[in-house]
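Taking it in order: structure first as structure tokens, then the write-up.
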Amino acid sequence: GMNLTPMVDVIFILLVFFLCVSQLKSGALELEIPDAPGEAASARKAAGDPIVVEVDKNDRLTLDGQEYKDLGDFQRRVAELAKSRGPKTAVFVRGDTRAGYGKVLKVLGLLRNAGLTRANLEFDPEAR
């Protein structure tokens with residue numbers, strides 16, 4: 001008969017690997033996510049005059065209601081806002097649940113590069 005020991009070893013190693021990876025993935029990023037809609041509103045009031053960035057399901061990007069088709073233009077506007085309002089300005093990033101995860105991460109990266117470190121991800125808990 002065929003010796004199955006090497007195959008069982010490989011499968012066991014793969015299982016351990018995926019278990020470890022799934023443990024690492026949960027909670028690697030520290031994100032401030034409001035638990036309830038009321039909390040989001042109060043966080044926004046506490047933030048004063050926050051910058052609101054929205055990404056919809058078609059990955060369209062708006063900043064304070066103004067749509068940006070080009071990421072370069074968006075980056076320049078973010079840099080202007082960072083200079084005029086200061087790096088401590090709160091930023092609320094609202095991603096549609098169907099928005100591309102990569103796009104939202106790219107937006108968060110651009111905000112961080114501009115020096116805006118207080119970026120909060122916002123979501124609608126009732127949409128779950």
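Some notes on this structure:
Per-residue answers, yes or no, for (1) touching a helix residue (DSSP H, G or I) at 6+ places or on another chain (Cβ under 8 Å); (2) farther than 20 Å from residue 122 by Cα:
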{"position": "50", "(1), (2)": "yes, no"}
{"position": "57", "(1), (2)": "no, no"}
{"position": "60", "(1), (2)": "no, no"}
{"position": "68", "(1), (2)": "yes, no"}
{"position": "73", "(1), (2)": "no, yes"}
{"position": "84", "(1), (2)": "no, yes"}
{"position": "93", "(1), (2)": "yes, no"}
{"position": "99", "(1), (2)": "no, no"}
{"position": "109", "(1), (2)": "no, no"}
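- The range 65-103: number of residues that are part of a loop (DSSP other than H, G, I, E, B) and small (Gly, Ala, Ser): 5
- If you filter the range 1-55 down to residues that are more than 19 Å from residue 118 (Cα to Cα) and of a type in the set (D, E, K, R), you find that the one that is modelled with the highest pLDDT is 9.
- First in the range 105-123 and more than 17 Å from residue 49 (Cβ to Cβ), second anywhere and at pLDDT 85 or above and polar (S, T, N, Q), Cβ under 9 Å, 6 or more apart: 110/75; 113/75
- Summed over the range 77-104, the residues that are without any contact (Cβ under 8 Å) to a residue 24 or more places away in the chain and surrounded by fewer than 13 Cβ atoms within 10 Å (Cβ to Cβ) give a count of 6.
The values are calculated or read from the model by the stated rules, or taken from the named source; none is laboratory data. All values reported here derive from a predicted model rather than from experimental measurement. Note that we place each Cβ from the backbone using ideal geometry, even for glycine, and neighbour counts take in every protein chain shown.
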